[in-house]
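Report on one structure; see the data block that follows.
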Amino acid sequence: MHVVSSSSRQICVPTKNKRYYWDTLIFLVEDEYFNIPRYHLEKGSEFFEAIFSLPAGDQLLEGNVDANPIRLDGITTRVDFERFVDLLYPSNNTPWKSSDKTRDEWVSILKLATLWRFPSIRQAAIENLTAMSLDPLTNIALGRKYSVSQWLRGGYKELVMRVSDITLSEAEEIGYPSSIRIFRVREEMCKKHWGSRPYGSSTYSTAHWSKEVIRQAVEEEFKDELKQVDQDGVAYEA
């Protein structure tokens, strides 16, 4: 509290508590307004921290009133944003539990945590999605999109070891060049582990294949892509 002196008396002017006086921001996502505290956005994200540190100038600040919200059209959907805000500011009536979240909810959270550089939330999303044991094609797609190298590596290795061949629709999904690379690694593994055993025989099994040999082959075959994803992923770390 500041004390201001006047000619006749002293006037006490209240000050703002440094921890519990929160500014709020108004966002417009699709056709809905969101009015949320600024605190966790600024403290958890270097992106928002940098935005909020810019000089305001003489113009009306975005996010202060409904007439001038921070517009997120084309950046995120209302569903994704609501899921992310639900993590930042959980309701007291429905306690937030990571185990209650679905795969799609965690993907929404991962998307925005990556976009806006919330490293701790991004890591939480990666850990929870990893625990769900996603299928290899999902791992590859999400690993590429959000720079999660462990998923990309795991997806490739799983397809190499899978008994069934890659289907046409799967090849289209992961891309024909990657499908050819996976097939090439599979052929190499067959020669290393089976010798002259017929490919696709009734005794076909990859259970005895060396995980380390497969890891090395995948690393070599996809080295350029994996290197790039590794580098991109590091940029999102705390």
Worksheet item: Can you spot a residue in region 64-75 that is surrounded by 20 or more Cβ atoms within 10 Å (Cβ to Cβ) and either assigned to a helix (DSSP H, G or I) or touching a helix residue (DSSP H, G or I) at 6+ places or on another chain (Cβ under 7 Å) (or both)?
Response: no
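Has region 41-61 got at least one residue that is over 17 Å from Trp116 (Cα atoms), in the same structural domain as Trp116 (by TED's automatic domain parsing), at pLDDT 90 or above and not in a helix (DSSP H, G or I)?
From region 41-61, those over 17 Å from Trp116 (Cα atoms) are 55-61; that's our starting set.
Those left that are additionally in the same structural domain as Trp116 (by TED's automatic domain parsing): 55-61.
Okay, now just the ones that are also at pLDDT 90 or above, so none.
Looking through region 41-61, none of the residues is over 17 Å from Trp116 (Cα atoms), in the same structural domain as Trp116 (by TED's automatic domain parsing), at pLDDT 90 or above and not in a helix (DSSP H, G or I).
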Fill in: Complete set of residues in region 35-67 that are without any contact (Cβ under 8 Å) to a residue 60 or more places away in the chain and touching an Asp or Glu at 6+ places or on another chain (Cβ under 8 Å)
Pro37, Arg38, Tyr39, Glu42, Lys43, Glu49, Phe52
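On the given criteria, is Ser178 surrounded by 15 or more Cβ atoms within 10 Å (Cβ to Cβ), assigned by TED's automatic domain parsing to the domain that holds Glu237, out of contact with any helix residue (DSSP H, G or I) (no Cβ under 7 Å at 6 or more places or on another chain) and part of a helix (DSSP H, G or I)? Show your work before the answer.
Details: surrounded by 15 or more Cβ atoms within 10 Å (Cβ to Cβ): yes; assigned by TED's automatic domain parsing to the domain that holds Glu237: yes; out of contact with any helix residue (DSSP H, G or I) (no Cβ under 7 Å at 6 or more places or on another chain): yes; part of a helix (DSSP H, G or I): yes.
So Ser178 fits the description; yes.
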Worksheet item: Can you name the residue in region 24-40 that is under 23 Å from the mean Cα position of the chain (by Cα) and in a loop (DSSP other than H, G, I, E, B) and is also modelled with the lowest pLDDT among such residues?
Response: Arg38
Item to complete: Go through region 207-238 and give me each residue that's under 21 Å from Tyr176 (Cβ atoms) and either at pLDDT below 90 or part of a loop (DSSP other than H, G, I, E, B) (or both).
Response: Phe222
Discussion item. Looking at region 1-23, can you tell me whether even one residue there is modelled with pLDDT of 85 or more and among the aromatic types (Phe, Trp, Tyr)?
Written reply: no
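Check region 122-135 and report whether any residue there is within 21 Å of Glu187 (Cβ to Cβ), touching a residue at least 12 places away in the same chain (Cβ under 8 Å) and in a helix (DSSP H, G or I). Full working, then the answer.
Residues of region 122-135 that are within 21 Å of Glu187 (Cβ to Cβ), as a first pass: none.
Within region 122-135, none of the residues are within 21 Å of Glu187 (Cβ to Cβ), touching a residue at least 12 places away in the same chain (Cβ under 8 Å) and in a helix (DSSP H, G or I).
Go over the candidates Leu134, Leu159, Leu142 one by one and state the one that is under 16 Å from Val229 (Cα atoms), crowded, with 17+ Cβ neighbours inside 10 Å and touching a helix residue (DSSP H, G or I) at 6+ places or on another chain (Cβ under 9 Å).
From the options Leu134, Leu159, Leu142, the qualifying one is Leu142.
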Worksheet item: What pairs can you find where one residue is in region 220-238 and under 12 Å from Arg153 (Cα atoms) and hydroxyl-bearing (Ser, Thr, Tyr), the other is at pLDDT 95 or above and surrounded by 11 or more Cβ atoms within 10 Å (Cβ to Cβ), and their Cβ atoms are less than 9 Å apart, with a gap of 6+ or different chains?
Response: none
Response to the item:
Within region 101-140, residues of a type in the set (A, V, I, L, M, F, W, C) and farther than 18 Å from Asp80 by Cα come out as Ala131, Met132, Leu134, Leu137, Ile140
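The values are calculated or read from the model by the stated rules, or taken from the named source; none is laboratory data. Just so it is clear, the model here is predicted, and its values are computed rather than measured. Positions of Cβ are generated from backbone atoms using ideal geometry, with glycine treated the same way; all protein chains shown enter the neighbour counts.
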